[in-house]
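See structure below.
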Amino acid sequence: MPAAALHTSALDTAQKVREDRAIYRAIKMLEDRLKKPGEHMGSTNGVREFLTLRLAREEREVFTALWLDAQNRLLAAENLFFGSIRKTYVHPREVVRRGLGLNAASVIFAHNHPSGNAEPSRHDLALTARLMQLLDLVDIRTLDHFIVAGCKAASLAELGLLGLSDFPPPKTEESSKPAKRTRKKTTKQVKK
């Protein structure tokens, strides 16, 4: 490899390292800001931006939880589970234990799709529904679950999918029309 190419490669690597440090510092500043008294995670767009910054550059799936107090202030932002480029194994018992340990009132989940597709999968819906069910038993509300893919992030709450264990059946043209009433034949009508 020519010396100029090695020099360019080293510069590219150094630039990436500087960018990664800047991103890490920005995430840390956001976390610190959200932990200050009076700050709360009330805006879906604010949460989306925070999670996109946190997860967009991950090369494998990462399952994250934002644990909140009763006023929706951030208690902790934690990467709970790490997986491969396609899947992360989430252990519901550990999620419940961590929420109880922090005395959390609610949680926002997120994970990334390194593939670049922010569409939720059936597995994402089933996992979220299961976690919601278990956390509800210990009075921890699940507010949302975001799927981050690059600079895009889909919110299950915004999509109307939060708490569903599978996608709703598609509406067909027939099911959207009122059913036709059929008249029952009486004995007089039959005899004619």
Criterion violated by CYS151 - all others in (1) surrounded by 13 or more Cβ atoms within 10 Å (Cβ to Cβ); (2) touching a Ser or Thr at 6+ places or on another chain (Cβ under 7 Å); (3) in contact (Cβ under 8 Å) with a residue 40 or more places away in the chain satisfied: (1)
Test result for VAL138, closer than 18 Å to ALA65 by Cα and exposed (fewer than 13 other Cβ atoms within 10 Å of the Cβ): yes
Any hit, segment 88-97, residues being farther than 22 Å from LEU74 by Cα, out of contact with any strand residue (DSSP E or B) (no Cβ under 6 Å at 6 or more places or on another chain) and among the polar types (S, T, N, Q): no
Residues being crowded, with 20+ Cβ neighbours inside 10 Å and out of contact with any Lys or Arg (no Cβ under 6 Å at 6 or more places or on another chain) - total across segment 91-113: 10
Leading residue by the ranking (nearest to the chain's Cα centre (by Cα)) among those in segment 141-186 that are modelled with pLDDT of 55 or more and part of a helix (DSSP H, G or I): GLU173
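The values are calculated or read from the model by the stated rules, or taken from the named source; none is laboratory data. Given the structure is predicted, the values throughout are model-derived calculations rather than measurements. Using ideal geometry, Cβ is built from the backbone for each residue, glycine included, and neighbour counts are taken over all protein chains shown.
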